[in-house]
Each structure stands twice: as C-alpha cells, then as structure tokens.
Amino acid sequence: MIWRIAPEPILCFDGDKAGLRAAYRGIDLALPHIGPGKTLRFSFLPGGQDPDDMLRSQGAEALRAALEKPRPLVEVLFEREIERSPLETPEQRADCEKRLFGAISQIVDEDLKRHYRQAMRERLNERFRPAQRGDQQGRRERGPSDNRGGRGTFRKGEYTPPLAASEGLLRITSLKDEYNTSIRESAIVLTPIYFTKILDIYFDKFSFIELKSKEINELRDFILKAYSEFISAGIENGFQEFFVNKIIESMKIDLFQRIFNTIKNPSDRWAIGKFSEEFSLTSWLQSVSLQEQYVDIEKKIADFNKLEASEITQRDMEELADLHKQKNRILHANRDG
C-alpha cells in the first residue's frame, strides 16, 4: 500500500475535470483504509498540467512549490459533494448530506469516522448558515440595534433572546451557569431517545447543533445512526427500546451511562422522559436556543480576538464588552429565579 512510503502521501493531479475525477475516485478507494495518522493529501496543478509537464516546462522548484500546500482529504471530499449539484432547496441539501455521510460510513476506524462526521457537520453548518458578520467595514457600519444572525435582537445595548423561558424553565439547571453547560449538552442529546418526535421534526437541528463534549458528540452520532436504522427497518414505534438494544450490542452502554448520570437535578429530568412530552419539547427547544446563542457569541468573541490591536476601534471595544455581557447572561440565566 501507498502508506508504506509515508503516512500522509500527496497525490498530484491535473487541475482539469479529468484530474478531479481521478482524485475523486482515489477518495472512494482510500476511505475504507484511512485511519489515525494515515490519510491522503491532494495537490492540483494549474493549467491542466500533469507533474511531468510541469517538471519539464518549469523545473523541479516549480513542482516543489506546487506541492507545498496540499489539501486534506476531508476538504476535497466535502468539495466534491458540495459542487456535485445545486444546493438551493432543502431536498437538494438533504441529498448532499446523505451523500457525504454515506461516504464517511466507509471509514472503518470509529474514532476517525466520528471526527469526520463532526468536521462535515461544522462545514455544512457554516455553509448553510446565514451570514452573521460581514467584513470589517460592514461590521463597523452596522448599528447597535441590528439583529445579528437571527438569534435575538439588540435594543439600547440590551440583548433579547428569540425564545423566552417560562417560570418552570427558569428552575432548570441545564439553562443556568457555566458548570451546567455540559448538563445542557447532555440534555439536548438524551431527550430524543425518549421523545422520538424531536428526531422526526428537528432532525437537522439535532444533527448540526454544535456541542463541545467529545463523548456527547459520540453519543449523538450513535443516536443518529440508530435512528436511521430504525427508519430504514420500517418500524413505526418503540425507538427507545430499539436504541437500548443497539447500544448494548455495540458495547457503548458505559458511554450512555456516564452522560445519563449528569442529569441529577430533578428539574432536569425532562431530558430522560420524566415529564410530559409538551414540557420536554419546550425545554429541549429552549436548551438548543441557549446553546446556539452561546456558541454564536463565543465565535464572535473569537473573531474579535483575531484582530490586530491597531485595527480595534472604540466601538469594537464596546461591542466586545457587550458580547461578554450577553455570554454571562446565558451562563448565569436566571440564577436567582
């Protein structure tokens, strides 16, 4: 195999359509064989040249320069499926996702497969997410009352989230402090096991919500796989029992148990089927909304941190301070409620 030469060999192709087709075929052949520390990278030469052409016409230095910044397999795979067909309608986007995750299913190593799924989720989420911040000039021209990203409004420096919490929700610890960020993520992932309606209606939202915990992401992947098998089998009811059987078969019961055990507060037990479906669905949507707001604010803060000191204006500093206030409101939402 090619990996006997190097763990991450670079495959070099013409930059024309024929070269792309050859590279894409190489991806399909490689996916079942890649693993931790063993992958492929791709370099596409300009002007339809192959390596021999470039070597003869421009010399070894030109070819070496062309190989300096190869593209990773995950990037080329994503590009292949994104550019295969239009992505204007929900049906077209769903077809693209199906192809992507179908390709990833060929990966044998479970850890690598999970990382690929997460990488594709992030890319799809970024691709389909409405623009939240423009370039530096556009950001500075917007007023403080702008609705950034469709997740709430700014009025006189105050942030209003899009989904208000009821009095019952105010007591839920998964909606409160920073320590409970992991509890909120656990609740988001556990609830669909007990209320399959969430997967029926909010499959995309559940698939693409960004989660920080490696273990919780792993359980989310397992739930999605089990749900797909459940639907493919034509079963109408009983997903909870189906899931339990699958997780026992897969020897991942300890993973499930660790995440399940984070739900200790009685007010959070809506996530494990102890409250009505209506209350649990409302609580789940609220938790997802807070998670989206939290992730969105963290990204905006990270954007500011990338700015050079000479680029930062007084308005930037005020906006950054406001973002930190918003973050703290989410982390400490109604702690005294």
Q. With respect to Ile231, is the statement that it is surrounded by fewer than 21 Cβ atoms within 10 Å (Cβ to Cβ), modelled with pLDDT under 85, not in a helix (DSSP H, G or I) and not aromatic (Phe, Trp, Tyr) true?
A. no
Q) What residue, among those in the stretch 40-86 that are closer than 17 Å to Tyr24 by Cα and among the basic types (Lys, Arg), is surrounded by the fewest Cβ atoms within 10 Å (Cβ to Cβ)? A) Arg84
Q) Can you name the helices (runs of 4 or more DSSP H) wholly within the stretch 41-112 that have at least 2 residues being under 25 Å from Asp221 (Cβ atoms) and in the same structural domain as Ile10 (by TED's automatic domain parsing)? A) 73-82, 90-104
Q: For the stretch 117-124, state whether one or more residues are assigned to a helix (DSSP H, G or I), out of contact with any Asp or Glu (no Cβ under 6 Å at 6 or more places or on another chain) and free of Cβ contacts under 8 Å to residues at least 24 places away in the same chain.
A: no
Q) Can you name the residue in the stretch 244-279 that is farther than 15 Å from Ile188 by Cα and small (Gly, Ala, Ser) and is also surrounded by the fewest Cβ atoms within 10 Å (Cβ to Cβ) among such residues? A) Ser276
Q: Kindly provide the set of residues from the stretch 273-304 that are free of Cβ contacts under 8 Å to residues at least 12 places away in the same chain, farther than 23 Å from Glu318 by Cα and assigned to a helix (DSSP H, G or I), ordered by number.
A: Glu278
Q: Hey, could you check the stretch 280-321 for residues that are of a type in the set (S, T, N, Q), surrounded by fewer than 19 Cβ atoms within 10 Å (Cβ to Cβ) and out of contact with any helix residue (DSSP H, G or I) (no Cβ under 8 Å at 6 or more places or on another chain) and say which is modelled with the lowest pLDDT?
A: Ser310
(Q) For the condition modelled with pLDDT of 85 or more and surrounded by 18 or more Cβ atoms within 10 Å (Cβ to Cβ), what is the one hit in Glu185, Glu241? (A) Glu185
Q) Glu277: at pLDDT below 75 and more than 26 Å from the chain's Cα centre (by Cα), yes or no? A) no
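For (1) of a type in the set (S, T, N, Q); (2) at pLDDT below 90; (3) within 20 Å of the chain's Cα centre (by Cα), each residue gets a yes or a no:
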| residue | (1), (2), (3) |
| --- | --- |
| Gly59 | no, yes, no |
| Ala65 | no, yes, no |
| Pro70 | no, yes, no |
| Leu73 | no, no, yes |
| Arg84 | no, yes, no |
| Arg93 | no, yes, yes |
| Lys98 | no, yes, yes |
| Asp111 | no, yes, yes |
Q. Of these, Lys38, Lys17, which one is assigned by TED's automatic domain parsing to the domain that holds Asp109, over 17 Å from Tyr116 (Cα atoms), modelled with pLDDT of 80 or more and basic (Lys, Arg)?
A. Lys17
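The values are calculated or read from the model by the stated rules, or taken from the named source; none is laboratory data. Values in this document were obtained by computation on a predicted structure and should not be read as measured data. Because the Cβ atoms are built from the backbone with ideal geometry, glycine has one as well, and the counts that use them run over all protein chains shown.
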